[in-house]
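Here is the structure we will look at, set down as structure tokens.
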Amino acid sequence: MSAEVWLPIPPEEIEGLPAGPRYLFWDGGADGDQPFPGDPARCAVYVVPYMKRLSVRVGPLPHLTNVRVVQTLTAGVDDITARLADLPPGVRLCNARGVHETSTAELALTLTLAALRGIPEFVRAQRQERWAAGFHPSLADKSVLIVGYGSIGAAIEDRLVPFEVARVARVARSGRTVARGPVHPITDVPSLLPHADVVILCTPLTEDTRGLVDADFLARMKDGALLVNVARGAVVDTEALLAELERGRITAALDVTDPEPLPPGHPLWQAPGVLISPHVGGPSSAFLPRAERLIADQLTRFVNHEPLRNVILTTGPETAGATGR
């Protein structure tokens, strides 16, 4: 019997899918109530639906007793790693590296420029038919700190270069050297923060980065600095950020929040000096063609027993659930 592959994009819309597997379409449905497309015990590759609520994305996991690959269409995989006990051992978890760099880097730059140049104030003034001229900070000559220098961080730096920034400092989990210069270990963040005019967060959410941007982190940022978050909301301590925003000492541009979605009435909506976008770093016209190419390539590799791309981890016996799967 051929392996079954669950796809959140209709298989007839994906060019280059290899022959062999039986392809089944499942994206959870508009309301998350779409029944499974087949017997989940026969699913060998589960491609996680994109931009669906958490209960939909992880709902099949306990039922995929013979799955071999879980492929996300997101760069972050924290929703899956939090539920590894639902998966049998030997499952390769792969992320969507190569899909979101372009779109997320564009948004990071957009938020940075909009916040610095006062675009939110201009929009409010336009609605009031008020001419709100004045001076605003430029990105030129600023020092930028990128926290999370993976493929997205590198794409952000690519887009910063033409804006004549004075300096880019790079931070990752461990130090190394890249073509553009040194990448500092995350332990260097406290010494780098006081020199940064703009701090851009694009780090994965892990136990080490959860709450990374706490009161101490924010206190080390220079007066008037801008915090841009295109990572995950939980990387930032929301209460600590609110306290700094209320003081007016720093500003922020956030594509992600904690909690998320940000509920009506939450004080972050009305905090001074904050620009909020609704987690739209990935969903753009750039997403679908890149996602389809990744899916076709990964499945070709799977069918041909070749190494998969973007393997984050392989589950082991210690992650299996109580059933011993």
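The values are calculated or read from the model by the stated rules, or taken from the named source; none is laboratory data. What you are looking at is a predicted structure, and each value in this text was computed from that prediction instead of being measured. Note: ideal-geometry Cβ built from the backbone for every residue, glycine included; neighbour counts use all protein chains shown.
The table for this structure:
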| quantity | calculated |
| --- | --- |
| Residue match in region 29-39 (condition: touching a strand residue (DSSP E or B) at 6+ places or on another chain (Cβ under 8 Å), of a type in the set (A, V, I, L, M) and closer than 21 Å to Leu288 by Cα) | no |
| Residue in region 235-247 that is touching a strand residue (DSSP E or B) at 6+ places or on another chain (Cβ under 9 Å) and either within 20 Å of Leu160 (Cα to Cα) or of a type in the set (Asp, Glu) (or both) present | yes |
| Residues within region 212-230 that are over 22 Å from Ala154 (Cα atoms), buried (at least 16 other Cβ atoms within 10 Å of the Cβ) and of a type in the set (Gly, Ala, Ser), tallied | 0 |
| Yes/no for Val171 being in contact with a helix residue (DSSP H, G or I) (Cβ under 8 Å, 6 or more places away or on another chain), in the same structural domain as Ile250 (by TED's automatic domain parsing) and not hydroxyl-bearing (Ser, Thr, Tyr) | yes |
| Tabulated pairs, region 205-220, first over 17 Å from Ala172 (Cβ atoms), second of a type in the set (Asp, Glu) and surrounded by 15 or more Cβ atoms within 10 Å (Cβ to Cβ), C-beta under 7 angstrom, 6+ apart or interchain | Gly211/Asp237; Asp214/Asp237; Ala215/Asp237; Leu218/Glu244 |
| Tally of residues being surrounded by fewer than 18 Cβ atoms within 10 Å (Cβ to Cβ) and farther than 21 Å from Pro307 by Cβ across region 86-99 | 0 |
| Considering residues of region 140-193 that are assigned to a strand (DSSP E or B) and without any contact (Cβ under 8 Å) to a residue 24 or more places away in the chain only, the residue surrounded by the fewest Cβ atoms within 10 Å (Cβ to Cβ) | Thr177 |
| Pairs where the first residue, in region 290-314, is under 19 Å from Tyr23 (Cα atoms) and the second is among the aromatic types (Phe, Trp, Tyr), C-beta under 7 Å, 6+ apart | Leu308/Phe302 |
| Criterion: exposed (fewer than 15 other Cβ atoms within 10 Å of the Cβ), assigned by TED's automatic domain parsing to the domain that holds Arg301 and not hydrophobic (A, V, I, L, M, F, W, C) - qualifying residue of Arg83, Arg53 | Arg53 |
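Each row is one residue, and each column tells you yes or no for (1) outside any helix (DSSP H, G or I); (2) buried (at least 18 other Cβ atoms within 10 Å of the Cβ).
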{"site": "Leu241", "(1), (2)": "no, yes"}
{"site": "Ala252", "(1), (2)": "yes, yes"}
{"site": "Pro263", "(1), (2)": "yes, no"}
{"site": "Pro272", "(1), (2)": "yes, no"}
{"site": "Pro278", "(1), (2)": "yes, no"}
{"site": "Ile295", "(1), (2)": "no, yes"}
{"site": "Gln298", "(1), (2)": "no, yes"}
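Yes/no matrix, rows are residues, columns are (1) polar (S, T, N, Q); (2) under 22 Å from Leu107 (Cα atoms); (3) outside the structural domain of Ala75 (by TED's automatic domain parsing):
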{"site": "Val228", "(1), (2), (3)": "no, yes, yes"}
{"site": "Arg232", "(1), (2), (3)": "no, yes, yes"}
{"site": "Leu245", "(1), (2), (3)": "no, yes, yes"}
{"site": "Gly248", "(1), (2), (3)": "no, no, yes"}
{"site": "Ala252", "(1), (2), (3)": "no, yes, yes"}
{"site": "Thr257", "(1), (2), (3)": "yes, yes, yes"}
{"site": "Leu268", "(1), (2), (3)": "no, yes, yes"}
